[in-house]
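In what follows, a structure is listed as structure tokens, so that the remarks can point back to it.
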Amino acid sequence: MASGLHNSDIPNPVLRWIDQRMPIFTMMQKEYGSFPTPRNFNYFWNFGALAMVNLMIMIATGIFLAMHYTPHSSMAFDSVERIMRDVNFGWLLRYVHANGASMFFIVVYIHIWRGMYYGSYKAPRELLWMLGVVIFLLMMATAFMGYVLPWGQMSFWGATVITNLFSAFPLVGEWIVTLLWGGFSVDNATLNRFFSLHYLLPFVIVGVVFLHIVALHITGSNNPLGIEPKGPQDTLPFHPYYTAKDSFGLVIYFIVFAGLVFFAPNYLGHPDNYIPADPLVTPAHIVPEWYFLPFYAILRAVPDKLGGVLMMFGSILVWFVLPWLDRSPVRSMRFRPIARICFLLWTVSFLVLLWCGGKPAEEPYVTISRFAAAYYFAYFLVILPLLSRIEKPLPLPESISRAVLGGGPLPAGAAAKPMEKA
Amino acid sequence: MLRTSLKALAILGGLLAAAPAAQAAEGAAHIPNQGFSFQGPFGVYDRASAQRGFQVYSQVCSACHAMHLMSYRNLRDLGLTEQQVAAIASQVQVQDGPNDEGQMFERPGRPSDRFRSPFPNPQAARAANNGALPPDLSVIAKAREGGANYIYALLTGYGDPPPDVHIAEGMHYNAYFPGHQIAMARPLNPDQVEFADHTPATVENMARDVATFLQWAAEPELELRHSMGIKIIVFLLVLAGLAYAVKRKIWANAH
């Protein structure tokens, strides 16, 4: 059919009229209604949906905050406090937005962790994974610029330290820093452009999230067993099975979120950011927001400035090539006894780096950071490529339905190839 | 399923627990917890204490410390009547204008005015205080590690320095101030103010009251936040039960 109305089976006549001309309801039904989804997800598979909800919360609260916020170095701090005091439920908007950033990173870190543990980055999902890394980088940039906006001491000095990192690059470094600052120090021009970009980047994130989901719906989801569904007995329609499961996860997520917002709204922040920015007074310890601490620890673990900056960026950029560093055909760590332990140790190294990043740059934290950072990189660059060759994986289950239902019907032909080799 | 969700919780807990490590800077003295009424998820402000704290602020602290984010009208939230707030506001002279002739003029304060600042600018504040800048106290309880407990500790932490500690000229020893040398002289002395409710004006009482007042000034939304939070969490717990029941029902034939 080259052209003409779409053949819609939407029952409602009004919706059908639209659907025949623009089949978005058919598409929604296909992608979110009947979309075949592996039947064996555990609760780690909630975090993609949670991240989506979190992004929408951030955009919604952010738009309302921007209506009351003044991006000027002499007024920004007081305008934020005005939101807290005089705007109707402004304190709620701001605390949801500020803690929403922390929740977003918690959710996304778990989402990334799940991808690494169950091998979701492996073929055919490499591009899906790489788009996820792009989203994470955009999130980091957005969160960093958002933290600058209240123009407190940590805003100002965090911005100074982080933007100065770019000066480590030879030749273009100073030029990049001047461009970021819009002048020769962190000042009003910096605040203005950060506000503008902080408003822009979330919509770029929305765009890349869309691509992330498009890619997901081509390859289909991975699952805890890491083997592909072999037929309809291995999958369930997304609705109502996973809409129901995601709904429960969403409420649990809201409980944690509400606990932070209503009872510990400043727990994850830093008291110094309630002191107005003062270019003449440097805080005793400049620390970024908690979600940057692992990368901050890697930066400080390297004695050379350029080396530290490269290692810091490299610690995330290495994720891009993860699908090609780990050549093992087995996805899920459940069936990789050695890689599983190595990956759990990598998780420990990440948490150790997070802890060290919040400590002053002195012993023993620097040495601990160095060991943790060394393991962080060794896992990707040495251990995974090596294990791809030498590790003997455990036998994989014949199919998802076999593993879940304990001996359901096997489709003809599926039994002929018991090992899934991606 | 339970095992993995426990694992997820453990990771989340780890992330949350590691976060305040970022703040555990400074080798400062341990700040004792005073058990203020506003602490905890059900905490509310002790109105009488906060009102006395405002009296201490206006008779003692406000000689040097501004609170430029506060308006006199905010005091009504502490239980003061409209007349009382208007009377308090009218005791100060504020600059207004320009008038029709283009002149600035002084007039008595109104409830809508911000608290009058003791100094016109930071330079004047430094000149009058031996080079030190008395910080604005509007959000001080949020701007210091330990919050109100720190304020109480600081105000009661003056004393003679230990023999091995050298105190610079014009500085004072304080057990809780980071570095132990503070430019502010001991601000509270016994019976410095007279409370209308006959509360004894001991240093401890005044420190406690002013810490309560400053906490209220920094977080005027705290009571509403707590009461909303309780309702929302209870609602979400019920909703979680329902959502789980729905999930179980839907999945009943899928396992």
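A few notes on this one:
- Being among the aliphatic types (A, V, I, L, M) and under 22 Å from the mean Cα position of the chain (by Cα) is a property that A:V281 lacks.
- For first residues located in the range B:214-229 and more than 15 Å from B:A143 (Cα to Cα), partners that are part of a loop (DSSP other than H, G, I, E, B) and acidic (D, E) and lie 6+ apart or on another chain with Cβ distances below 9 Å form the pairs B:R225/B:E219.
- Single residue of the range A:344-364 satisfying the filter (within 11 Å of chain B (Cβ to nearest Cβ) and of a type in the set (G, A, S)) that is farthest from A:I383 (Cα to Cα): A:G358
- In the range B:236-255, of all residues being open to solvent by less than 60 Å² (accessible area, probe 1.4 Å), farther than 11 Å from A:A244 by Cα and of a type in the set (G, A, S), the one that is farthest from the other protein chains (Cβ to nearest Cβ) corresponds to B:G241.
- Among the numbered conditions (1) open to solvent by 80 Å² or more (accessible area, probe 1.4 Å); (2) within 12 Å of chain A (Cβ to nearest Cβ), the only one that B:I233 does not meet is (1).
- Scan of the range A:83-92 for residues that are more than 8 Å from chain B (Cβ to nearest Cβ) and open to solvent by 40 Å² or more (accessible area, probe 1.4 Å), ordered by number: A:D86, A:N88, A:F89
- Of everything in the range A:365-389 that is modelled with pLDDT under 95 and farther than 16 Å from A:P294 by Cα, the residue that is farthest from the chain's Cα centre (by Cα) is A:R389.
- Candidate set from the range A:1-46 (those that are aliphatic (A, V, I, L, M) and either over 37 Å from the mean Cα position of the chain (by Cα) or within 14 Å of another protein chain (Cβ to nearest Cβ) (or both)); member that is most open to solvent (accessible area, probe 1.4 Å): A:M1
- Only one entry of A:N273, A:N266 meets the criterion of being at the interface with chain B (Cβ under 7 Å from one of its Cβ atoms) and either in a loop (DSSP other than H, G, I, E, B) or touching a strand residue (DSSP E or B) at 6+ places or on another chain (Cβ under 7 Å) (or both), and that entry is A:N266.
- The condition of being within 14 Å of chain B (Cβ to nearest Cβ) and touching a residue at least 40 places away in the same chain (Cβ under 8 Å) holds for A:A76.
- Residue that is surrounded by the fewest Cβ atoms within 10 Å (Cβ to Cβ), among those in the range A:230-242 that are touching a residue at least 60 places away in the same chain (Cβ under 8 Å) and in a helix (DSSP H, G or I): A:P232
- Among the residues of the range A:157-195, those that are in contact (Cβ under 8 Å) with a residue 24 or more places away in the chain, of a type outside the set (A, V, I, L, M), assigned to a helix (DSSP H, G or I) and closer than 16 Å to A:H72 by Cβ comprise A:N188, A:T190, A:N192, A:F194, A:F195.
- Qualifying residue in the range B:114-125 (condition: in contact with a Lys or Arg (Cβ under 8 Å, 6 or more places away or on another chain) and either within 23 Å of B:E194 (Cα to Cα) or not in a strand (DSSP E or B) (or both)): no
- Qualifying positions in the range A:359-384 - over 20 Å from A:D304 (Cα atoms) and either outside any helix (DSSP H, G or I) or open to solvent by 40 Å² or more (accessible area, probe 1.4 Å) (or both): A:L381, A:V382
- Test: B:I88 is assigned by TED's automatic domain parsing to the domain that holds B:T212 and in a helix (DSSP H, G or I): no
- Checked against (1) open to solvent by 10 Å² or more (accessible area, probe 1.4 Å); (2) at pLDDT 95 or above; (3) within 14 Å of chain B (Cβ to nearest Cβ); (4) over 30 Å from B:A66 (Cα atoms), A:H212 meets all criteria but (3).
- Among (1) closer than 30 Å to A:L236 by Cβ; (2) touching a residue at least 40 places away in the same chain (Cβ under 8 Å); (3) away from chain B (no Cβ under 13 Å) - the single one A:R402 does not satisfy: (2)
The values are calculated or read from the model by the stated rules, or taken from the named source; none is laboratory data. As the structure is a prediction and not an experimental result, all values here were calculated from the model. Reconstructed Cβ throughout: ideal geometry from the backbone, glycine too, with neighbour counts over all protein chains shown. Just so you know, the surface numbers come from the protein's heavy atoms only, side chains and all, with ligands and any DNA or RNA stripped out. Shrake-Rupley method; radii C 1.70, N 1.55, O 1.52, S 1.80 Å.
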